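Before any comments, here is the structure.
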Amino acid sequence: MIALLSTNFFRIRRDLLFWLALCVCLVGGIAFGMGFRGTPAFDDFYAFPFFVALCAFLSLFLGREYGDGTLRNKVTAGYRRGQIYLAYLLASLAVGLLFLAAFLLPFVVMNAAALAPLGAKVLGPALVGMVLLCAALVALFTAISCCVSLWVVGALANLGLWFFLMFGAYQIEFALGQPAYVTEYYTDTQGREYEGETTPNPHYLGGTLRVVAEGVDACLPNGQMNRIVSYLTTCLSLQETGLDPEGAELYQEVRFRDPLCALAVTAGVTAVGLTVFRKKDLK
């Protein structure tokens, strides 16, 4: 395992795409920091370069292992497939954490004074959540890349998966945000507004469907990212008004539920990917 990890890290260090992707994350973090200094608000839009860089590099790096025969040679050399897969996963996790650090460090340095009042009790759960959702995404990208022989197909599948998860999370959260009842308002010819009848909202998700949607949203890395952003934004507003950030909406989800879901997704995807990889024909 150590030899496999050393080989993976050696190839990563010599890969030009790795350094380009790292620079993209760094520039994205600087842009995030500058945007926050101009308007103190957390926006997941700035995380887009980080996610794309991570997806692109892992897809192409692992995909090329098939193309140049490196993966097959490792099996021929006597390494077990489980060792090979886990070595790829650990190396990918290291890359993911490095990319995340490159993205967050400029932002933190540029806005240390503004972030300091939030303290570790607020920023700690957010950071842990970011690390764990990054691990879940890395596990997904690694599983797809190791189980798809053609690197182009793997890269497109990973990018497609990430966009699907992103838009899926937004759609689910939009549906969950629908109120149970809606009230109609009317305006007369003189511009005066009147409250009308309150009726059940046909778009409201209730019962079993709501429970399922909440469970899916809790497990989506992009949904977790959205909640971290909402959590930090709420805590920032509370801090400015002198209230306790621990009372912030989504605090329990960010601190407890989402990290457990991210760990479960990482473990589940790794188990499935490892099972498929062990049975895959590498010829």
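The values are calculated or read from the model by the stated rules, or taken from the named source; none is laboratory data. Here the structure is a predicted model, which means the values were calculated and not measured. Using ideal geometry, Cβ is built from the backbone for each residue, glycine included, and neighbour counts are taken over all protein chains shown.
Within the stretch 15-31, identify whether any single residue is surrounded by 22 or more Cβ atoms within 10 Å (Cβ to Cβ) and within 22 Å of VAL153 (Cα to Cα), and answer yes or no. Checking the stretch 15-31: at least one residue is surrounded by 22 or more Cβ atoms within 10 Å (Cβ to Cβ) and within 22 Å of VAL153 (Cα to Cα). Only one of the listed residues (GLY29, GLY63, GLY67, GLY35) is in contact (Cβ under 8 Å) with a residue 24 or more places away in the chain and within 18 Å of MET130 (Cβ to Cβ). That residue is GLY29.
The condition of being part of a helix (DSSP H, G or I), at pLDDT 85 or above and over 15 Å from the mean Cα position of the chain (by Cα) does not hold for PHE36. Checked against the criterion of being under 17 Å from VAL95 (Cβ atoms) and not aromatic (Phe, Trp, Tyr), the candidates GLY35, GLY29, GLY69 yield just one match: GLY29. Residues in the stretch 51-59: is at least one farther than 19 Å from PRO221 by Cα, buried (at least 19 other Cβ atoms within 10 Å of the Cβ) and not basic (Lys, Arg)? Scanning the stretch 51-59 turns up no residue that is farther than 19 Å from PRO221 by Cα, buried (at least 19 other Cβ atoms within 10 Å of the Cβ) and not basic (Lys, Arg). Take GLY28 and decide whether it is in a helix (DSSP H, G or I) and at positive phi. When the stated conditions are applied, GLY28 does not pass them. Filtering the stretch 137-191 to residues that are among the small types (Gly, Ala, Ser), under 20 Å from SER230 (Cα atoms) and within 20 Å of the chain's Cα centre (by Cα) leaves GLY168, ALA169. If the condition is being more than 30 Å from ALA91 (Cα to Cα) and in a helix (DSSP H, G or I), then the stretch 158-188 contributes TYR170, GLN171, ILE172, GLU173, PHE174, ALA175, LEU176.
Among ALA264, ALA248, which is the only one that is among the aliphatic types (A, V, I, L, M), modelled with pLDDT under 70 and within 25 Å of ASP44 (Cα to Cα)? Selected residue: ALA248, the only one of ALA264, ALA248 that is among the aliphatic types (A, V, I, L, M), modelled with pLDDT under 70 and within 25 Å of ASP44 (Cα to Cα).
The requirement of being part of a helix (DSSP H, G or I), modelled with pLDDT of 80 or more and surrounded by fewer than 19 Cβ atoms within 10 Å (Cβ to Cβ) is satisfied by LEU123. Here is a check on your reading of the model: is ALA155 modelled with pLDDT of 85 or more, among the small types (Gly, Ala, Ser) and in a helix (DSSP H, G or I)? In short, no.
Within the stretch 126-152, restricting attention to residues that are among the hydrophobic types (A, V, I, L, M, F, W, C) and at pLDDT below 85, which residue is surrounded by the most Cβ atoms within 10 Å (Cβ to Cβ)? Among them, the one singled out is CYS146.
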